[in-house]
1. Given the options LEU34, LEU55, name the one that is part of a strand (DSSP E or B), in contact (Cβ under 8 Å) with a residue 60 or more places away in the chain and open to solvent by 70 Å² or more (accessible area, probe 1.4 Å).
2. Considering each residue of the range 129-164, count those that are of a type in the set (A, V, I, L, M, F, W, C), open to solvent by 40 Å² or more (accessible area, probe 1.4 Å) and either touching a Lys or Arg at 6+ places or on another chain (Cβ under 6 Å) or under 15 Å from TRP110 (Cβ atoms) (or both), and give that number.
3. Looking at the range 435-491, which of the residues that are farther than 20 Å from ASN391 by Cα and small (Gly, Ala, Ser) is modelled with the highest pLDDT?
4. Give, as residue ranges, the strands (runs of 3 or more DSSP E) completely inside the range 189-308 that count at least 3 residues that are at pLDDT 85 or above and of a type outside the set (D, E, K, R).
5. Can you pull out the residues in the range 302-358 that are open to solvent by 40 Å² or more (accessible area, probe 1.4 Å) and among the basic types (Lys, Arg)?
6. Search the range 91-120 for residues that are within 16 Å of LEU73 (Cα to Cα) and open to solvent by less than 10 Å² (accessible area, probe 1.4 Å) and pair each with any residue that is assigned to a strand (DSSP E or B) and of a type in the set (Gly, Ala, Ser) when their beta-carbon atoms are under 6 Å apart and the residues are at least 6 apart or on different chains.
7. For the range 309-328, how many residues are under 21 Å from ALA339 (Cβ atoms) and not in a loop (DSSP other than H, G, I, E, B)?
8. Go over the candidates LEU422, LEU418 one by one and state the one that is of a type outside the set (Phe, Trp, Tyr), in contact with a helix residue (DSSP H, G or I) (Cβ under 8 Å, 6 or more places away or on another chain) and open to solvent by less than 20 Å² (accessible area, probe 1.4 Å).
Amino acid sequence: MDIFRNRTGFVRSPLISKRMASAGQEKQYPPSLLSFFIYNPKFGPKEGEEEKKILFYHPNEVEKNEKIKNVGLCEAIVQFTRTFNPLKPAKSLHTQKNRQFFHEPEEGFWMVMVVKNPAIEKKGSANTTVTEFQEDELLDKVYSSVLQQCYRMYKLFNGTFTRAMESGGVQLLKDRLEKFFHRYLQTLHLQSCDLLDVFGGISFFPLDKMTYLKIQSFINRVEESLSIVKYTAFLYNDQLIWSGLEQEDMRILYKYLTTSLFPRHIEPELAGRDSPIRPEMPGNLQHYGRFLTGPLNLSDPEAKFRFPKIFVNTEDSYEELHLVVYKAMSASVCFMIDASRQLTPDFCRKLDGLVGPQLTVLASDICEQFNINRRISGSEKDPQFKFIYFNHMNLAEKSTIHLRKTPSISLTSVQPDLMKILGDINSDFTRADEDEEIIVKAMSDYWVVGKKSDQRELYVILNQKNSNLIEVNDEIKKLCATQFNNIFFLD
């Protein structure tokens, strides 16, 4: 591989793995989850008690001795790597067929995820079948982030492992792990994981100052009228506008809302629903509000309902809250209320009557601005570049590469080879403390550029096959000047 350096970073070319030529005779197998388990070595220290270490194991059908053997091997690997650096045990183990990822979210508790490497099955000589494992196609950072995400999502709905132990001992922890991960692991689609899983960012909705002030005023009025509301978050479509939660708590709640709760409630919008409804117009009290969590039918006094509970600020005050999610048209509001308060049907009707009409009007105002922004951004059809932007300080994330991303699917507008390059550049940035720039010329003649500056990262894919390095650098400067003004200061 040729490496060229300039004063902002370096250029590398080429950086794409070889692909098989006869695609018609091949079968490609994406990465898949082989096993997932959680253990604590302190729970089975004596010989013959090894099974007590295992708190959760998927798939459950695996024989007991096989579970014990796999957990013992991981424990040995972790202990062996501690001899080299006691503070940094193993994070992953690479083999030809599989890759194992290790994570210790709380002291003594280990989570392990075993991923089967992607593979290509092709015809060999004399009608034989040859399987080639593409172990270099998996990026450690991506799947380590997925494993960490598993813990954060569990903690959002169940609190920490230690808290469960204090409340009801090992059996309570096992029950909670089984109940949560039995369902959650089914939503892990490892073939769709990429750089956005590393960032775990939040997409923010751009608003003019006046509309933003209207939303803030709305939140203040609701919190004053419903004094038991402790925190509020406001979203439009899948983008965040306002949140009263701490960043890390909002990050994981945002992930749950946009990849699990909202997709479950998507339905065709009623005709004319997004037409503006003004306060001065007759019929302004009608609204399209409904609960996404809680009661489905407010008019049925016998209807049973409950709100999911979440845990926030687990490092400090450890707050348990009811999560009330209410939606009108494309606008959603999350109200978080102390879990010790009992939420009655009367409270739900009061919230519906108070929030529904106001949120409907607000949603119409935001919709107008959304359509204006879409017309402006849509004026430049099929741009020659696509990008991913992430800001580590406020977790802001923006991507024109991802068309749609849910747990079950990730539609990207670029080839997998180019996504792999983005991940490789990100790994290089992680190892470098200083700001830098990396430019890659792929074998498909695309240019891929990564810029890191002051806690911000930008990744750009340019479809300019005949451009040279100077022209590519000029294009990146233009992009930064128009889309990211005053953010990047690299020359």
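1. Working: LEU55 fails: open to solvent by 70 Å² or more (accessible area, probe 1.4 Å).
On inspection, the qualifying residue turns out to be LEU34.
2. Step one: of the range 129-164, the residues of a type in the set (A, V, I, L, M, F, W, C) are 130, 133, 138-139, 142, 146-147, 150, 153, 156-157, 161, 164.
Add one more test, that the residue is open to solvent by 40 Å² or more (accessible area, probe 1.4 Å), and what stays is 130, 133, 157.
From the residues that got through so far, the ones that are either touching a Lys or Arg at 6+ places or on another chain (Cβ under 6 Å) or under 15 Å from TRP110 (Cβ atoms) (or both) too are 130, 133.
Result for the range 129-164: 2.
3. Out of the qualifying residues, it is ALA442.
4. Numbers: elements: 229-236, 239-243, 289-291.
Counting at least 3 such residues, we get 229-236, 239-243.
5. To start, the set of residues in the range 302-358 that are open to solvent by 40 Å² or more (accessible area, probe 1.4 Å) comprises 302, 304-306, 309, 315-317, 320, 338, 340-342, 344-346, 349-350, 353-354, 358.
Listed by number, the residues that qualify are LYS304, ARG306, LYS309, ARG341, ARG349, LYS350.
6. Hits for this filter: PHE101/SER92.
7. Filtering the range 309-328 for residues under 21 Å from ALA339 (Cβ atoms) gives 309-326.
Filter once more, so that each one left must be not in a loop (DSSP other than H, G, I, E, B): 309-312, 319-326.
The total comes to 12.
8. On the way: LEU418 fails: in contact with a helix residue (DSSP H, G or I) (Cβ under 8 Å, 6 or more places away or on another chain).
Result of the check over LEU422, LEU418: LEU422.
The values are calculated or read from the model by the stated rules, or taken from the named source; none is laboratory data. Keep in mind it's a predicted model, so treat the numbers as computed, not measured. With ideal geometry, Cβ positions are generated from the backbone for all residues, glycine too; neighbour counts draw on all protein chains shown. Ligands, DNA and RNA are excluded from the accessible area calculation, which covers all protein heavy atoms including side chains. Shrake-Rupley method; radii C 1.70, N 1.55, O 1.52, S 1.80 Å.
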